[in-house]
Amino acid sequence: MTDAAPSKPSEGSFIPPVSAPPVAPPPPKPVPAASAEASATANPFFDQLARIEDKCSRIEDKYARSEALLSRVEDKVAGAAERMNEAARQSDLAALRTEMRNLTERTRRLPGTGALVLTAVITAVLTVVLMVAVQRLNLDSLLPPRANAAATAR
């Protein structure tokens with residue numbers, strides 16, 4: 001992916017590019033008999049280390065799978081919660097619509113402005129007519145006495 005040797009030196013670089021001759025790996029050295037015995041005794045430790053590393057990599061894989069599974073579960077739970085919130089909003093809207101419909105029906109049954117004005121005019125006219133009749137027929141004694149008039153008469 002990246003080249004080890006730069007193809008063009010940078011302008012601010014003070015170190016010129018050096019092409020190194022290819023290095024051949026050193027030839028394998030013959031193993032003396034004493035070191036062969038030491039590697040044989042160390043080999044079980046390397047085997048155990050290899051088994052531990054293999055076990056660690058399997059545990060890491062399980063952890064990665066568990067993490068992916070938990071993220072999918074989290075996404076599903078978030079989606080379900082969003083759907084439940086939407087359903088609750090729809091339910092609230094339906095209840096609000098029902099309440100508004102009931103309120104509208106109740107206000108439609110109330111008398112309108114014209115009926116209220118007509119009632120007020122009829123009440124005023126009847127009150128005036130009855131008061132004139134009471135005064136003409138001299139029925140003032142049927143009216144209750146005033147509080148101020150009773151106090152001044154004493």
Considering only 84, 71, 45, whose Cα is most displaced toward the positive end of the charge dipole of the range 38-108, charges sitting on Cβ of Lys, Arg (+1) and Asp, Glu (-1)?
84
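Using the eigenvalues of the Cα gyration tensor, what equivalent ellipsoid semi-axes result for the range 81-127 when each is taken as the square root of five times the eigenvalue, whole Å, largest first?
Numbers: eigenvalues 418, 8, 6 Å².
The answer is 46, 6, 5 Å, longest axis first.
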Under a point-charge model restricted to the Cβ atoms of Lys and Arg (+1) and Asp and Glu (-1), what is the dipole moment magnitude of the range 38-108 relative to its Cα centre, in debye to the nearest 20?
520 debye
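Just so you know, all these numbers are worked out from the coordinates, no wet-lab data involved. Remember, predicted model here, so these are calculated numbers, not experimental data. With ideal geometry, Cβ positions are generated from the backbone for all residues, glycine too; neighbour counts draw on all protein chains shown.
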